[in-house]
Amino acid sequence: MTTAERSKPTLPDSWVERIFDRMQGLYGSLWVDRWRTGEMVQRAGRQFDQGLLNAKATWAQELGGFAGQPERISRALEACRGKPLPPTLPEFVELCRAQVAEQGAPRLSLAHPKAEARARNMAGVQALIRRMTA
């Protein structure tokens with residue numbers, strides 16, 4: 001790992017676990033089998049699949065830029081509900097980015113179509129009132 005990679009923010013392990021749990025809930029074995037290698041390693045007295053550990057570490061690094069904006073990750077997870085296949089990491093990153101673009105896009109405030117007509121009418125009424133009271 002380079003110095004730049006170490007200084008890059010990463011997602012907390014608990015967040016990555018929740019992402020993987022949610023994806024497994026949505027996609028079942030399609031999700032888990034995507035990462036599983038069958039090579040087991042022992043950590044803290046427990047057995048873990050090396051491929052799954054590698055995938056989680058990579059997701060933590062690549063999604064680290066969203067650590068300060070958990071709502072983007074949450075909305076990206078919600079967007080997966082309508083997708084029949086689980087996203088790859090690049091696809092999920094794009095989902096996170098798209099949520100920001102969607103939420104951050106400037107919204108145009110359009111005047112009510114009758115607003116101009118109302119303004120003209122009000123000006124006319126006010127002019128009439130001034131003439132009547134003068």
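The values are calculated or read from the model by the stated rules, or taken from the named source; none is laboratory data. Everything numeric in this text was worked out from a predicted model, so none of it was measured. Virtual Cβ from ideal backbone geometry, glycine too; neighbours counted across all protein chains shown.
Condition test on Gly51, is it in contact (Cβ under 8 Å) with a residue 12 or more places away in the chain and assigned to a helix (DSSP H, G or I)? Considered against the rule, which asks whether it is in contact (Cβ under 8 Å) with a residue 12 or more places away in the chain and assigned to a helix (DSSP H, G or I), Gly51 comes out as yes.
Report whether or not Thr37 is assigned to a loop (DSSP other than H, G, I, E, B) and either surrounded by fewer than 10 Cβ atoms within 10 Å (Cβ to Cβ) or in contact (Cβ under 8 Å) with a residue 12 or more places away in the chain (or both). The answer is yes for Thr37. Looking across segment 80-134 at every residue that is of a type in the set (Lys, Arg) and at pLDDT 70 or above, the one that is farthest from Gly28 (Cα to Cα) is identified as Arg131. Is it fair to say Ala4 is among the small types (Gly, Ala, Ser), part of a helix (DSSP H, G or I) and at pLDDT below 95? Yes: the conditions hold for Ala4. Across segment 34-85, which residue is nearest to Cys96 (Cα to Cα) among those that are among the hydrophobic types (A, V, I, L, M, F, W, C) and more than 25 Å from the chain's Cα centre (by Cα)? Ranking the qualifying residues of segment 34-85, first place goes to Phe48.
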